[in-house]
Amino acid sequence: MPWALCHNEITRLTLDETCQMTTVSAPPHSLSIVGAGLAGALLARLLALRGWQVDLYERRADPRAGPIIGGRSINLALAERGWHALRLAGVDREVASQAIAMRGRAVHAMDGQVEIQPYGLSDAHVIHSVHRANLNRLLVASAADAGARLHFEHGLKDVDWESSELLLETPDGAVRKPFTRVIGADGAGSPLRIAMARVTDQVEDWAPLGHGYKELSFRPAPNGDFRLDPHALHIWPRGEFMLIALPNADRSFTVTLFLPLEGERSFARLQTPAQIEQFFASEFPSAVPLLEELQFEFDNNPLGQLGTLRLSPWHLQERALLIGDAAHAVVPFHGQGMNCAFEDCAALAELLDCPGACPDAFERLYALRKDNADAIAAMALENYQEMRDSVAQPAWLWHKQIETALTNRFPERVLSRYAQVSFTRIPYAEARRRGEILGEIVAELASVRSLGEIDWTLAASRVEERLPVLPIDAQLGRKAACPTRP
């Protein structure tokens with residue numbers, strides 16, 4: 001079956017114990033999805049391809065029509081977990097045509113110097129920048145092509161659980177639509193989650209970060225080229241805040257300012273054109289000449305909020321389920337929000353392809369994914385500290401040198417946490433555990449001042465004692481069963 005061609009061994013064993021795949025010739029089943037964003041549209045396609053009758057409801061207008069509206073989109077970093085789900089859906093080549101490979105971070109110092117920090121030690125260790133709105137359009141079109149029934153301008157208002165009906169608001173008034181199973185891919189403010197909370201014992205923990213974001217932009221150069229290296233994620237780290245820039249296929253960059261909401265240096269202190277101009281000139285002088293629409297974009301683009309959602313459970317028996325941000329919203333600093341949601345979609349599609357449509361698929365997905373969602377939520381918060389501050393610190397760079405040396409010496413056992421998260425499909429919880437162990441080993445070895453002074457016998461002992469052998473396709477230098485990138 002196509003789904004198993006390059007499945008990570010750890011995840012494959014977990015799913016194989018759950019059920020076996022069937023062909024799409026099985027009798028069709030019906031299912032409703034609320035939210036036609038990235039996860040909802042991808043899931044609709046995956047299930048429609050497997051013979052399901054899918055109704056997809058979205059409160060917004062059809063994204064395939066009309067202009068792209070910017071201002072709220074953090075450009076997306078597409079990694080191996082996301083690519084895997086796109087391969088299952090058969091749309092990876094289309095997405096690849098609009099994606100730009102980023103091989104590392106370009107760290108911009110205050111004095112204008114730029115340091116390139118590669119993401120990994122292999123040519124396959126890249127992430128890809130993709131434009132959110134264009135990707136959403138592509139996935140919505142692909143869901144329709146697969147046979148999903150799309151209902152735009154149908155916003156969920158409530159659920160009548162007794163009659164199994166969705167209460168939807170449309171331009172023509174309120175309507176009721178019957179459902180057998182309903183899945184909420186409707187974002188961090190999920191109306192379906194609110195409706196579920198009335199009839200189930202949900203434990204919801206929303207932790208605001210206290211930081212927000214503004215989307216800005218760099219236009220292409222007058223000759224139509226990129227103004228910066230397009231194969232890097234550009235970062236201006238400034239301790240408590242940062243500016244980042246990701247490339248787009250039209251040779252522009254989507255730029256995002258992450259900043260505390262309150263305090264000495266915060267959005268609360270940037271209220272006038274003079275305050276905005278002075279702040280950028282003092283903190284990001286090398287970026288200012290590229291921000292040609294700074295005042296207009298800062299004034300007109302909304303201030304986005306950031307936070308982490310932890311929820312238990314994600315499902316209401318086998319009647320309703322939440323996925324993606326509706327179940328486990330994370331801050332964007334590991335570039336894994338979309339990838340994690342796509343991993344939800346791939347796992348759920350496999351579970352629902354079981355004989356009898358896996359009557360306990362929703363419960364099994366929650367059991368399979370909950371610990372991993374919590375793990376990436378924690379790692380995303382930790383990565384914010386790394387991006388805005390640590391990447392410019394000598395101690396962090398020294399630890400990275402040791403980590404790289406260990407990876408080269410012991411490739412069958414050592415891989416950085418970032419590489420595990422971004423370039424493999426090792427479960428997030430396992431990647432976090434292995435990353436903590438590796439960090440402890442590096443810290444033990446870091447008391448010396450050069451690689452030549454490290455006790456490599458001690459290093460070998462620690463690695464062999466504490467780090468199990470990696471899956472074959474995660475080992476540096478080994479060829480994966482499927483390409484990491486298209």
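The Cβ shell under 10 Å around ILE244 holds other residues with a net charge of +2, Lys and Arg each +1, Asp and Glu each -1.
Entry comment: accessible area of region 72-214 is 44 Å² per residue, from protein heavy atoms only and a probe of 1.4 Å. When you filter the GluC sites (Glu not before Pro) in region 131-195 for DSSP loop state and at most 12 other Cβ atoms inside 10 Å of their Cβ, you are left with GLU162.
Note the listed values (i) 81, 47, 40; (ii) 68, 58, 44; (iii) 64, 54, 43, then indicate which one is Cα extents along the principal axes in Å calculated from this particular structure. Checked against the structure: label (ii). Within the chain, the whole DSSP H helices whose Cα atoms reach 20 Å or more along their own axis and whose mean Kyte-Doolittle score is at least -1.0 are 132-146, 337-351, 361-388, 394-409, 428-445. Taking the empirical scaling 2.2 N^0.38 Å for compact globular proteins as reference, region 200-324 has a Cα radius of gyration ratio of 1.34. The order of ASP111, ASP360, ASP344 by accessible area, most exposed first and with a 1.4 Å probe, is ASP111, ASP360, ASP344. Take the Cβ atoms of ARG64 and ALA378, set R0 to 30 Å, and the FRET efficiency comes out at 0.25. Remark on GLY210: its backbone amide H falls under 5 Å from those of LEU306, a criterion applied only to residues 5 or more positions apart or on other chains, H modelled at 1.01 Å from N. Accessible surface of region 267-323, 1.4 Å probe: 53 percent of it comes from carbon and sulfur atoms. Spatially, region 280-327 and region 155-203 are offset by 24 Å when compared through their Cα centroids. A probe of 1.4 angstrom, applied to the heavy atoms of all protein chains, finds ARG319 with accessible area near 60 square angstrom. Computed on protein heavy atoms with a 1.4 Å probe, the accessible areas place LEU243, LEU458 in the order LEU458, LEU243, largest first. Solvent-accessible area of region 148-253 (1.4 angstrom probe, protein heavy atoms only): carbon and sulfur portion equals 48 percent.
Heavy-atom accessible area, probed at 1.4 angstrom with all protein chains present, ranks VAL107, VAL199 as VAL199, VAL107, highest first. Basic side chains Lys and Arg get +1 at the Cβ, acidic Asp and Glu get -1 at the Cβ, and with that the dipole of region 199-309 about its Cα centre reaches some 340 debye. Using a cutoff of 8 angstrom between alpha carbon atoms and counting only pairs six or more residues apart, the relative contact order for the chain works out to 20 percent. Length available on full extension from VAL175 to VAL114: 0.36 nm per residue minus the Cα-Cα distance, which gives 16.4 nm.
The values are calculated or read from the model by the stated rules, or taken from the named source; none is laboratory data. Just so it is clear, the model here is predicted, and its values are computed rather than measured. Quick reminder, even Gly has a Cβ in these numbers, built from the backbone with ideal geometry, and neighbours come from all protein chains shown. These accessible areas exclude ligands, DNA and RNA; they are computed on the full protein's heavy atoms, side chains included. Shrake-Rupley method; radii C 1.70, N 1.55, O 1.52, S 1.80 Å.
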